[in-house]
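Below you'll find the structure, written out as structure tokens, and then a few comments.
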Amino acid sequence: MRQDIVGSGRGSMRHAPIHDSGSASLGRSKTERPVQTHGEGAAAAESHTATTDAMFRSRLMSYVRAVNDQAVPLTGCGERYEDLLDYVLSSVPGCRVQRNTLNHYRTEEVDLTIANDRLCNGLRMLPELFLVECKNWSVPVDSTTIGYFVNVIADRGCSLGILAAAKGITGRPEHRSRAYAIGAAALVRGLRLLVITQDDIMRLNSPMDVVTLLHHRNHSLTAHGTIHLG
């Protein structure tokens, strides 16, 4: 809190004029701001959160429009989809993203590698490092592709991978068929596979929605014993 000091140096402070005891400005600058109450602080924090969420939603939709831009060649759509997932995960407190990393033998490339500080308002239920594979396909992702991604997760020494499959995955969860069978087998090996879709992304309105979505998918994976999109 800023206060006015009359004069300069020790001597000047000793001879500073004394205000009348009845003055409302005793020992205080006339321009000093009043102390903010708890209610005012909470309102300001809520306003800041609302502004942040609105900015998140606006930028999210900008990335979505870029992905769906029909003028963009198909070869560029994949990169723009990675841009979208990069933005979504970077918005979560404590998450840092590294893009398009090849392994030592240059035989496997990971779209996104996430370093997660597991902050209390971030992805605290997920491990410190995990991988993200981005598939902006017009059809569901098949079991062969998912099996390959599971092996990449294991090869990189991770325990979790997120598949961003725009149109979902093949098979039926109740029958544990095709891609769902791969998810169940991976879980037995101690490898967790979460799937998010384009519909999931379109429902996001804030960074906390990202946290809620991924925590829920992680919880459901254990509860159902395989990938679960509900």
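Listing for the model above:
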read-out: Any hit, the stretch 100-109, residues being closer than 17 Å to residue 162 by Cβ, surrounded by fewer than 15 Cβ atoms within 10 Å (Cβ to Cβ), at pLDDT 95 or above and touching a strand residue (DSSP E or B) at 6+ places or on another chain (Cβ under 6 Å); value: no
read-out: Residue satisfying condition, being hydrophobic (A, V, I, L, M, F, W, C), under 25 Å from residue 62 (Cα atoms) and surrounded by fewer than 18 Cβ atoms within 10 Å (Cβ to Cβ), within set 131, 213; value: 213
read-out: Scope the stretch 158-201; condition under 16 Å from residue 136 (Cα atoms) and without any contact (Cβ under 8 Å) to a residue 12 or more places away in the chain; matching residues; value: 199
read-out: The stretch 143-157 residues that are touching a residue at least 24 places away in the same chain (Cβ under 8 Å), paired with ones that are assigned to a helix (DSSP H, G or I) (beta carbon under 6 Å, 6 or more apart); value: 143/179; 143/182; 146/179; 146/182; 147/182; 150/186
read-out: Among the candidates 54, 16, residue that is surrounded by 11 or more Cβ atoms within 10 Å (Cβ to Cβ), touching a Gly at 6+ places or on another chain (Cβ under 7 Å) and either modelled with pLDDT of 90 or more or not in a helix (DSSP H, G or I) (or both); value: 16
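Conditions (1) of a type in the set (Val, Ile, Thr); (2) open to solvent by 70 Å² or more (accessible area, probe 1.4 Å), marked per residue:
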{"position": "113", "(1), (2)": "yes, no"}
{"position": "149", "(1), (2)": "no, no"}
{"position": "152", "(1), (2)": "yes, no"}
{"position": "187", "(1), (2)": "no, no"}
{"position": "219", "(1), (2)": "no, yes"}
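The values are calculated or read from the model by the stated rules, or taken from the named source; none is laboratory data. These figures come from a predicted structure and were not determined experimentally. Cβ: placed from backbone, ideal geometry, glycine included. Neighbour counts: every protein chain shown. The accessibility values were calculated without ligands, DNA or RNA, using every heavy atom of the protein model including side chains. Shrake-Rupley method; radii C 1.70, N 1.55, O 1.52, S 1.80 Å.
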